[in-house]
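See structure below.
The values are calculated or read from the model by the stated rules, or taken from the named source; none is laboratory data. On a predicted model such as this, the values are computed, not experimentally measured, just so you know. For neighbour counting, all protein chains shown are included, and Cβ atoms are generated from backbone atoms with ideal geometry for every residue, glycine included. When the accessible area is computed, the model is the full protein with side chains, heavy atoms only, and any ligands, DNA or RNA have been set aside. Shrake-Rupley method; radii C 1.70, N 1.55, O 1.52, S 1.80 Å.
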Amino acid sequence: HLHMHTEYSLLDGINQVAKLPSHIASIGQRAVAITDHGNVSGSYRFYKECKKANVKPIIGMEAYYTVEDRATREKDDLGNSYYHLVLLAMNNTGLKNLYKLSTFAYTEGMYRKPRIDDALLGQYSEGIIATTACLGSRISQLILNDKLKEAEYILDHHRSLFDKRLLVELQLHKDPEQIKVNKALLELANKKDIEIILTNDCHY
C-alpha cells in the first residue's frame, strides 16, 4: 500500500502505527507506506515498528497543496483553498525535505489546512516521489469539471518539478467520479509515458 492513513490523520484514519506493520507482514507484504494528511508526525514510530516486523517503511505524506501562493487566504478558480498531493520519500534527502515541507506548511501555509505551494515544491522536491493522489487532487478536480486541457497542464507542471519521480495514481473503486478520473488519467499517462501505480487510499 502506497496511500495509507493512520491515527495521525486526525479524525480521518484508524490504522494504528503500532499494529499496522505486523499486519502487513502477516499477509505476506514486504513494504508499506504512511501518508497522513499534512504531517509526518507518525514517521518515527512507524519506522521503528516496521523494523521490528521486518517490513520496509516508506515515509510519505498526503500534502495539502495550493496552486496559489501559500500565504493567500482565499479560494481559487475552482472554489477550493487546497488539494491533495501524495509525496513519498525515496531516501534520507527526501525524508528531510518532507520534514521541511510539513514544517513550512504549518508555519507559513496554514489556511484551513497546513498547505504547501509550488515555491516550496521547487525548493524541496529532491528525493521525493509525487503521485496524482485521489479525487481530492487538483488534477482530479479539473477532470471532474471537464477542464481536460487544464488537467494536462497541471500534470506537465508537476512533471517539470519531479521529472520521472511523478507517478499517475489510479484507484479502482466503482464510484462514477473515480471511473471518470481514472479514464482521463490513464489516457494522459499513456500519452506522456508516465508510470502508473494502483492504490486504495486506506482510511478506515
Quiz item: Label-point separation (nm) for T72 and A18, each offset 7 Å from Cα along Cα-to-Cβ?
Solution: 4.3
Exercise. Identify which of L20, L78, L186 has the largest mean-square fluctuation in a Gaussian network model of the chain, with springs joining Cα atoms closer than 10 Å.
Key: L78
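With +1 assigned to the C-beta of every Lys and Arg and -1 to the C-beta of every Asp and Glu, and no other charges, what is the dipole magnitude of the chain about the Cα centre in debye, to the nearest 20? List each step's numbers first, then the result.
Working: 26 positive and 26 negative charges, 159 e Å.
Value, rounded to 20: 760 debye.
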Quiz prompt | Loop trypsin sites (Lys or Arg not before Pro), region 117-204, which have at most 15 other Cβ atoms in a 10 Å radius of their Cβ (DSSP) | solution = K174
Quiz item: Under the classification rounded if a/c is under 1.5, otherwise prolate if a/b is larger than b/c and oblate if not, where does region 54-203 fall, given a ≥ b ≥ c as square roots of the Cα gyration tensor eigenvalues?
Solution: oblate
Self-check item: Accessible surface of the chain [probe 1.4 Å, protein heavy atoms]: carbon and sulfur percent
Solution: 51
Quiz prompt | Choice from I24, I34, I139 showing the highest fluctuation, given a GNM over the chain with Cα pairs closer than 10 Å | solution = I24
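What is the antiparallel percent of DSSP beta bridges lying wholly in the chain, to the nearest 5?
Taking every DSSP beta bridge within the chain, about 40 percent pair in antiparallel fashion.
Give the shape of region 1-65 as rounded, prolate or oblate, defined through the alpha-carbon gyration tensor: a ≥ b ≥ c are the square roots of its eigenvalues, a/c under 1.5 means rounded, and otherwise the shape is prolate if a/b is larger than b/c and oblate if not. Display every interim value, and only then the final one.
Numbers: a/c = 1.85, a/b = 1.77, b/c = 1.05.
Verdict is prolate for region 1-65.
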Quiz prompt | Rounded tilt (10° steps) of 92-108 against the dominant C-alpha axis of the chain | solution = 60
Quiz prompt | Cross-link pairs K52/K192; K56/K149; K19/K100; K113/K147; K52/K96; K147/K174 - those with Cα-Cα distance over 30 Å | solution = K52/K192; K56/K149
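What does the charge count near Q123 come to, summing +1 for each Lys or Arg and -1 for each Asp or Glu among other residues with Cβ under 13 Å from its Cβ? Intermediate values should be presented prior to the final figure.
Numbers: positive: R70, K96, K100; negative: E108, D117, D118, E126.
The answer is -1.
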Quiz prompt | Accessible area of Y8 in the full protein assembly, 1.4 Å probe (Å², nearest 10) | solution = 60
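Identify the GluC sites (Glu not before Pro) of region 20-116 meeting these criteria: DSSP loop state and at most 13 other C-beta atoms within 10 Å of the C-beta. Walk me through the numbers before you get to the answer.
On the way: sites: E49, E62, E68, E74, E108; in loops: E68, E74.
Those satisfying the criteria are E74.
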Quiz prompt | Extension gain (nm, one decimal) between Y44 and L186, 0.36 nm per residue minus Cα-Cα | solution = 47.6 nm
Quiz item: From the Cα gyration tensor of region 1-124, with a ≥ b ≥ c the square roots of its eigenvalues, which class applies: rounded if a/c is under 1.5, or else prolate if a/b is larger than b/c, or else oblate?
Solution: prolate
Quiz item: Taking only protein heavy atoms and a 1.4 Å probe, what accessible area per residue, in Å², does the chain have with all protein chains in place?
Solution: 50
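If you keep only loop residues by DSSP, which GluC sites (Glu not before Pro) in region 130-204 have at most 16 other Cβ atoms within 10 Å of their Cβ?
Values: sites: E150, E152, E169, E177, E187, E195; in loops: E195.
When the GluC sites (Glu not before Pro) of region 130-204 are filtered for loop state and at most 16 Cβ neighbours within 10 Å, E195 remain.
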Quiz item: Where does each of D36, D163 land when they are ordered by accessible area, with a 1.4 Å probe and the largest first?
Solution: D163, D36
Practice problem: Before anything else, pin down the relative contact order of the chain: Cα pairs under 8 Å, at least 6 apart, normalised by residue count, whole percent. | Solution: 19
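As a test of the formula, what do you get for the chain when each DSSP H run with n ≥ 4 contributes -39,500 (n - 2.57) and the sum is divided by the residue count, at 222 nm and rounded to the nearest 500 deg cm²/dmol?
-12000 deg cm²/dmol
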Quiz item: Helix 176-192 versus the longest principal axis of the chain: what angle, 0 to 90°, nearest 10, using Cα atoms?
Solution: 80
Self-check item: Separation between Cα centres of region 33-94 and region 134-194, rounded to whole Å
Solution: 18
